[in-house]
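Enquirer: What follows is a structure written as structure tokens; I'll ask about it next.
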Amino acid sequence: MAGEVNLEGDSIRIGERRVPVNRGTPALLAAAIKAGQTLNLPPPFGYLAGDIGLGGGSRQLYDYLVKNLPGSRFSVITFHYLLPDVDWHNKVLFALEEISPRPY
Amino acid sequence: MGPPPEIRSGCDLVIEFPLIEELNILRTLREMNVSPLQVVPVNSPLLQPVDLFQIKDFGRYLMVRAANMKLTVDKKTQKIVNISGGGCPDVPYLAREMVGRSLAEAPSPRDIGHTLCGYALQLAYEEMKHRCSQ
């Protein structure tokens, strides 16, 4: 799933999907939203995939990022609970280099 | 064992072996396509491997840390109250499956985990079971 992430009560909302804030990536996104509110910044844009450790969701996410990051205007990008894969990391790095100015 | 902080680069584990066996061990590992990131002699106290387990007693709660994974249990009920650490995608999944259940009821990380974080959590889980059975 990809889209702007907002906080609604005890859940985050991305598109039509609501995810409870209890741990992991939803907790990180909720904290980023609250920090953004304090700093008067827009809500974060999130890319979420399900992965229980076999790597399938992570690889889908890498693939999506490689195709969709070039042309975006992000200034900061954070990866969270993603299965490490050197080849895919390098492909995402090349995609990030196409963004000007390059995000942190 | 965990690597000493000076040479730690991520989710690493360390294996100690007698120096005289180095060539044989490296050859065997290379043949199995699992070459080590680094081979270093323990020639300084700073390069001593650190104990994989760290224990923190919070009174009612006991936390066992194995490598980068932490497991916390209510000593009275033996219920798992928190799992944290690591960065592999099965960590939130393991937490969802295990938190709120007792050590006896919870599934073993070995059975449902898939990564080095899952392996480290299994070690913490075994250590916790051992300590809670005493």
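Every number here is computed from the coordinates shown, using simple stated rules; none is lab data. If you're wondering where the values come from, they're calculated on a predicted model, not measured in any experiment. Because the Cβ atoms are built from the backbone with ideal geometry, glycine has one as well, and the counts that use them run over all protein chains shown.
Enquirer: Of all residues in segment A:43-63 being out of contact with any strand residue (DSSP E or B) (no Cβ under 8 Å at 6 or more places or on another chain) and outside any helix (DSSP H, G or I), which is nearest to A:P103 (Cα to Cα)? Can you show your working first?
Expert: Residues of segment A:43-63 that are out of contact with any strand residue (DSSP E or B) (no Cβ under 8 Å at 6 or more places or on another chain), as a first pass: A:49-60, A:62-63.
Cutting the leftovers down to outside any helix (DSSP H, G or I) gives us A:49-55.
On the way: A:A49: 22, A:G50: 25, A:D51: 25, A:I52: 28, A:G53: 28, A:L54: 29, A:G55: 25 Å.
Result: A:A49.
Enquirer: Let me ask something else. If you scan segment A:63-88, which residues turn out to be in contact with an Asp or Glu (Cβ under 7 Å, 6 or more places away or on another chain) and more than 10 Å from every other protein chain (Cβ to nearest Cβ)?
Expert: Result: A:P70, single match.
Enquirer: Could you tell me whether segment B:41-62 includes any residue that is at negative phi and within 14 Å of another protein chain (Cβ to nearest Cβ)?
Expert: Let us first name the residues in segment B:41-62 that are at negative phi, namely B:41-58, B:60-62.
Next, only the ones that are within 14 Å of another protein chain (Cβ to nearest Cβ) stay: none.
No, that holds for no residue.
Enquirer: What about A:R23, is it within 14 Å of another protein chain (Cβ to nearest Cβ), within 23 Å of B:G86 (Cα to Cα), out of contact with any Gly (no Cβ under 9 Å at 6 or more places or on another chain) and free of Cβ contacts under 8 Å to residues at least 24 places away in the same chain?
Expert: yes
Enquirer: Turning to a different aspect of this structure: Tally up the residues in segment B:109-127 that are within 13 Å of chain A (Cβ to nearest Cβ) and hydroxyl-bearing (S, T, Y), please. Please lay out each step first, then the result.
Expert: Restricting attention to segment B:109-127, the residues satisfying the condition of being within 13 Å of chain A (Cβ to nearest Cβ) are B:109-122.
Adding the requirement that they be hydroxyl-bearing (S, T, Y) leaves B:115, B:119.
Residues that pass the stated criteria total 2.
Enquirer: Given the structure, is B:G86 under 30 Å from B:L103 (Cβ atoms) and touching a residue at least 60 places away in the same chain (Cβ under 8 Å)?
Expert: Numbers: under 30 Å from B:L103 (Cβ atoms): yes; touching a residue at least 60 places away in the same chain (Cβ under 8 Å): yes.
So B:G86 fits the description; yes.
Enquirer: Filter segment A:33-62 for residues that are polar (S, T, N, Q) and under 16 Å from the mean Cα position of the chain (by Cα); which is surrounded by the most Cβ atoms within 10 Å (Cβ to Cβ)?
Expert: Of all residues in segment A:33-62, those polar (S, T, N, Q) come to A:37-38, A:40, A:58, A:60.
Still in the list and also under 16 Å from the mean Cα position of the chain (by Cα): A:58, A:60.
Numbers: A:S58: 22, A:Q60: 14.
Checked segment A:33-62; the qualifying residue surrounded by the most Cβ atoms within 10 Å (Cβ to Cβ) is A:S58.
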